[in-house]
């Protein structure tokens, strides 16, 4: 692919939209060919998804721009994509071929309105990192201070504007021609994507976020956030303190400098718990490349382009939801999900409530003392699968929160495989569950909830009436009946189409005098007519049996 094609709007839009259409056609055709989902079919299905994800990744690396950032966004959306696809997208490296330094130099000089030599003693012409939005160079200020200079890529805003148009077309197709369009709020999802990525295109937002985190974690003695040079930073240029260190997962580096792995894991755990459980901003992309380790064991956090936010009301709603789980009050859980805008308008709350309860009971039957990072990942995957199947759509911040949690669990496991999440988390959860208004809030709710069964039917009887074997048997029969309805309707419609085609062919061939295909047209008409008649009779008999 020639580099100049990347900047042609029609080319980019065509490539992106065609790839999306191709994927949809492949999925549609696969499901039409495979009616029975046995183990072999599931293996082929997984293979198809992996193949599609690999193609997406190749196209993303070729084109850059939105495809890379959107791939990262989708990798956080277990409510949208299957795990096999997400696993491939997680391997999408946010690294593209660097542009010639002359373009970065031009951007720096335009934004600073001065020659590059007026501010920097020297700057390396080869970037130390090259991503879809910006490239990072090592430089020295006039006083000899080492700094990192992040420069926006050449014409990147223009590229993203083209890609946003392509994404709008893809979402339109999904909304009109797929059942997913009816389940998801695609316009809201599109607005989230545009908003998140537009913020990343403005480096002043990253500077603001970095200063916010520096102030928030000033009391964490073992955590450091680099200084930013506000007077040298613009929307397209960001200058920050240079940090010497290695990735936080570099175990050889820890060994060489006598750094205890358990201590680093505990620092990272406390840091993330503070972000993920309490109101405020959180770093939504805490992969090892953004977490560094200095020789003295200090944890350094960089790159605040992608952040999420837990508002105070959201924190209260999450706390109320967890209280609902603890007290077996799933109406409280549903109320919390509504407050957080998790449930779409067409959500069947009773069905969602029942599914949540069954899923929770399944895990509570196990031994929570055995909860480790691997089990935590299994639970997160199951939750993502549950969310994807239900009328639930995660707002962007919650999706990023789930992704960040998953990443951190993986990092903690790499650093310290013996990590005990339950033991470390017990005092924090106790503090978090009591809330900010009253240290006895949870215990008051438990006491209040304890009195409920005294004024109602025994819970066991209610659960029998709601979840008894007879109801489950009836639901199974009902699902089978719906499946047969769809089967008969599909083949009746197909026979009707063939009947129209055959009849039209007979009339056309007779009028034009072409007799070579007339017998074939009559055969198609006769077979389609007979098939339609048989299907209608069988469908009628089935409906009659159901009514009886």
**Asked** Does at least one position in region 137-156 carry a residue that is under 30 Å from the mean Cα position of the chain (by Cα), buried (at least 16 other Cβ atoms within 10 Å of the Cβ) and part of a helix (DSSP H, G or I)?
**Response** yes
**Item:** Those residues of region 281-293 which are in contact (Cβ under 8 Å) with a residue 40 or more places away in the chain and either out of contact with any helix residue (DSSP H, G or I) (no Cβ under 8 Å at 6 or more places or on another chain) or surrounded by fewer than 17 Cβ atoms within 10 Å (Cβ to Cβ) (or both), in sequence order
**Value:** 281, 289, 292
**Meets criteria (crowded, with 18+ Cβ neighbours inside 10 Å, within 20 Å of the chain's Cα centre (by Cα) and either at positive phi or assigned to a helix (DSSP H, G or I) (or both)) for residue 170** = yes
**Prompt:** Do you know which residues across region 310-345 are under 30 Å from residue 210 (Cβ atoms) and in a helix (DSSP H, G or I)?
**Reply:** 312, 313, 314, 315, 316, 317, 318, 319
**Prompt:** Does at least one position in region 253-262 carry a residue that is at pLDDT 90 or above, on the phi > 0 side of the Ramachandran plot and assigned to a loop (DSSP other than H, G, I, E, B)?
**Reply:** yes
**Request:** Report, by residue number, each residue of region 217-249 that is crowded, with 17+ Cβ neighbours inside 10 Å and in a helix (DSSP H, G or I).
**Result:** 232
**Message:** Looking at region 93-104, can you tell me whether even one residue there is surrounded by fewer than 18 Cβ atoms within 10 Å (Cβ to Cβ), modelled with pLDDT of 85 or more and in a strand (DSSP E or B)?
**Reply:** no
**Request:** Could you check how many residues of region 294-309 are crowded, with 18+ Cβ neighbours inside 10 Å and part of a strand (DSSP E or B)?
**Result:** 5
**Prompt:** For region 323-343, how many residues are within 24 Å of the chain's Cα centre (by Cα) and modelled with pLDDT of 75 or more?
**Reply:** 8
**Prompt:** Would a scan of region 263-275 turn up a residue that is modelled with pLDDT under 90, touching a strand residue (DSSP E or B) at 6+ places or on another chain (Cβ under 7 Å) and buried (at least 19 other Cβ atoms within 10 Å of the Cβ)?
**Reply:** yes
**Prompt:** Exactly one of (1) touching a strand residue (DSSP E or B) at 6+ places or on another chain (Cβ under 9 Å); (2) surrounded by fewer than 21 Cβ atoms within 10 Å (Cβ to Cβ); (3) at pLDDT below 90 is unmet by residue 133. Its number?
**Reply:** (2)
**Item:** Odd one out for residue 193, checked against (1) at pLDDT 80 or above; (2) part of a helix (DSSP H, G or I); (3) out of contact with any strand residue (DSSP E or B) (no Cβ under 7 Å at 6 or more places or on another chain)
**Value:** (1)
**Complete:** Going through region 1-48 in order, the residues found to be touching a residue at least 40 places away in the same chain (Cβ under 8 Å) and not in a helix (DSSP H, G or I) are 1
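The values are calculated or read from the model by the stated rules, or taken from the named source; none is laboratory data. On a predicted model such as this, the values are computed, not experimentally measured, just so you know. Neighbour counts run over all protein chains shown; Cβ positions are idealised from the backbone, glycine included.
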